[in-house]
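J.: One structure is given below, represented as structure tokens, and several questions about it will come after.
The values are calculated or read from the model by the stated rules, or taken from the named source; none is laboratory data. The structure presented is a predicted model; accordingly, all values stated were derived computationally and were not measured. All Cβ positions, even for glycine, are placed from backbone atoms using ideal geometry, and neighbour counts span all protein chains on display. For the accessible areas, the whole protein counts, side chains as well, though only heavy atoms, and no ligand, DNA or RNA atoms are used. Shrake-Rupley method; radii C 1.70, N 1.55, O 1.52, S 1.80 Å.
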Amino acid sequence: MKAWHFAAASMCLLLAACSPPEPLKIGFVGGLSDRNSDVGQAGQNGVILAIEQVNRSGGINGRKLELVSRDDAQDRETAARAAAELAAEKVEAVIGPFTSGVAAALLPVLAKTNTLAISPTLTSMDFYHKDDNLVRINRTTRDNARDYARVLYGLGQRRIAVAFDVRNRSFTQSWLDEFRQAFSDAGGTLVAEVPFESRPNVDFGAVVGDMLKGRPDGLFYIAGAIDVARLAQHSRRLAPALPIGASEWAATEQLLELGGKMVEGLVIVLNYNRDDDSPRYTAFREAYFKRFQKTPGYSSVSAYDAATVLFAALGRREGKASVKDALLRHGPYQGLQQEIAFDKFGDTQRKVFFTTINDGRFMLMR
């Protein structure tokens, strides 16, 4: 009987030793169901692709990756619940959020368990230069707004009217404040600043009408793709000769699909080069299209880069070091198109590319 018990115990130990190790849980949070869900959905696709590629290669130190995804619905209360659920799942880190509007509600919840958030797209100055549980893959609204001011002024625009979505106010107000200062420094003037809250029944004709009261020589929208498409439609009807532009938030495939001919000529910046023909980016683009039957957008690229950074840091983490410590210690990292290097606050720089929409495509400005 003792021999049987010994054999049984030995078999249990052997089976335990042979069983696969527990997977590393990777959190994701983004807007997957709101009006601007194109950003979150494309970002999630980028993370899914990165995880599947790592798992096919054996995982990280022999451990496979498991995605735990949550929808923040672009709502602060929903975002806070999503963060609590991801923390309860004991994820290694969270890739997201994608908009500044929910970040303020989400980040403090993750901080309670020292869970790191790696945002592919946050740019608001509210999150810049802070020693917290956030690392950003993107540059700031200050960087982007200054470049926009220079480019638009260089295109001859001196009196610009702006419409901005207050639903994502942490981003849009930060962007507007930085743009106003930079455009004024260049010699230009904002002749109208028209707020609206993104929802299905917004009277965008009235919004554009208010923009035109200041007699601008250019119209600019700080909003997501679906609202920019509608603003452009009314702008073309009420002031067809005025040039139009939009902040980087709207630079998704949905803008091209919904905007059609109404967004032709629109000036907008991308944080990646769509025309890149390097082997690294070409392989990503082809793999992404094969997996999702869609062209990757800026949030897909940024989320894939965020995943690349996180997985490299997890693979190099030593002992009981936190994910953030490992991430900051072992950089810089090679992204799809550019090197990603963080300062001590987890902030980074990123090269951007100004485009205009021509023939239904984002075309690089020369």
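J.: Helix 2-18 versus the longest principal axis of the chain: what angle, 0 to 90°, nearest 10, using Cα atoms?
T.: For helix 2-18, the angle is close to 20 degrees.
J.: What distance in nm separates the simple spin-label points at residue 282 and residue 199, each placed 7 Å from Cα in the Cβ direction?
T.: 5.0 nm
J.: Next question. On a 0 to 90° scale, report how tilted helix 37-56 is relative to the longest principal axis of the chain, with both axes built from alpha carbons and the result rounded to the nearest 10.
T.: So the helix axis and the longest Cα principal axis differ by about 30 degrees.
J.: Which order do 85, 248 take when ranked by solvent-accessible area (1.4 Å probe, heavy atoms of all protein chains), largest first?
T.: The ranking, largest first, comes out as 85, 248.
J.: Find the accessible area per residue for the chain; the probe is 1.4 Å, ligands and nucleic acids are left out, and the unit is Å².
T.: 44 Å²
J.: Run down the aspartates and glutamates and flag those whose C-alpha is under 15 Å from the C-alpha of residue 351, throwing out any fewer than 8 positions away in its chain.
T.: Within reach: 143, 147, 248, 275, 276, 305, 339.
J.: Averaging sequence separations of C-alpha pairs under 8 Å and six or more residues apart, then dividing by the length of the chain, give the relative contact order as a whole percent.
T.: Reported as a whole number, the value is 17 percent.
J.: Here's a follow-up. Using only Cα atoms and rounding to the nearest 10 degrees, what angle (0 to 90) does helix 225-238 make with the longest principal axis of the chain?
T.: 10 degrees
J.: Under a 10 Å cutoff between Cα atoms, tell me which one of 223, 307, 341 has the largest fluctuation in the Gaussian network model of the chain.
T.: Sorting by GNM fluctuation, first place goes to 341.
J.: So, one more: When P(r) over Cα pairs in 20 Å bins from 0, in percent is calculated directly from the model, which label among (i) 29, 52, 19, 1; (ii) 29, 53, 14, 3, 1; (iii) 23, 42, 27, 8, 0 fits?
T.: (ii)
J.: Strictly over 18 Å apart at the Cα level, which of 64/324; 90/112; 25/130; 25/64; 324/344 would you flag in this model?
T.: Violating the 18 Å limit, Cα to Cα: 64/324; 25/130.
J.: Connecting C-alpha atoms closer than 10 Å in a GNM of the chain, tell me which of 174, 37, 184 has the biggest fluctuation.
T.: Of 174, 37, 184, the most mobile in the Gaussian network model is 184.
J.: Next question, about the same structure. Name the residue, out of 247, 19, 33, whose mean-square fluctuation peaks in a Gaussian network model built on the chain with Cα pairs under 10 Å.
T.: Result: 19 has the largest fluctuation of those listed.
J.: On the accessible surface of segment 122-241, probed at 1.4 Å, how many percent belong to carbon and sulfur atoms?
T.: Accessible surface attributable to carbon and sulfur in segment 122-241 totals 44 percent.
J.: Under the 0.36 nm per residue contour assumption, what length would be gained going from the current alpha-carbon distance of residue 349 and residue 150 to full extension?
T.: 69.8 nm
J.: Leaving out same-chain residues fewer than 8 places away, which aspartates and glutamates sit with a Cα under 13 Å from that of residue 213?
T.: In chain and number order, the partners are 193.
J.: Can you classify segment 164-253 as rounded, prolate or oblate using the Cα gyration tensor, where a ≥ b ≥ c are the square roots of its eigenvalues, rounded means a/c under 1.5, and otherwise it's prolate if a/b beats b/c and oblate if not?
T.: Details: a/c = 1.57, a/b = 1.11, b/c = 1.42.
Oblate.
J.: How many angstrom lie between the C-alpha centres of segment 244-294 and segment 41-114?
T.: Taking the Cα centre of segment 41-114 as reference, the centre of segment 244-294 is 24 Å away.
J.: Add -39500 (n - 2.57) for each DSSP H run of 4 or more in the chain, then divide by its residues: what number comes out at 222 nm, to the nearest 500 deg cm²/dmol?
T.: Counting only the DSSP helices, I get -14500 deg cm²/dmol.
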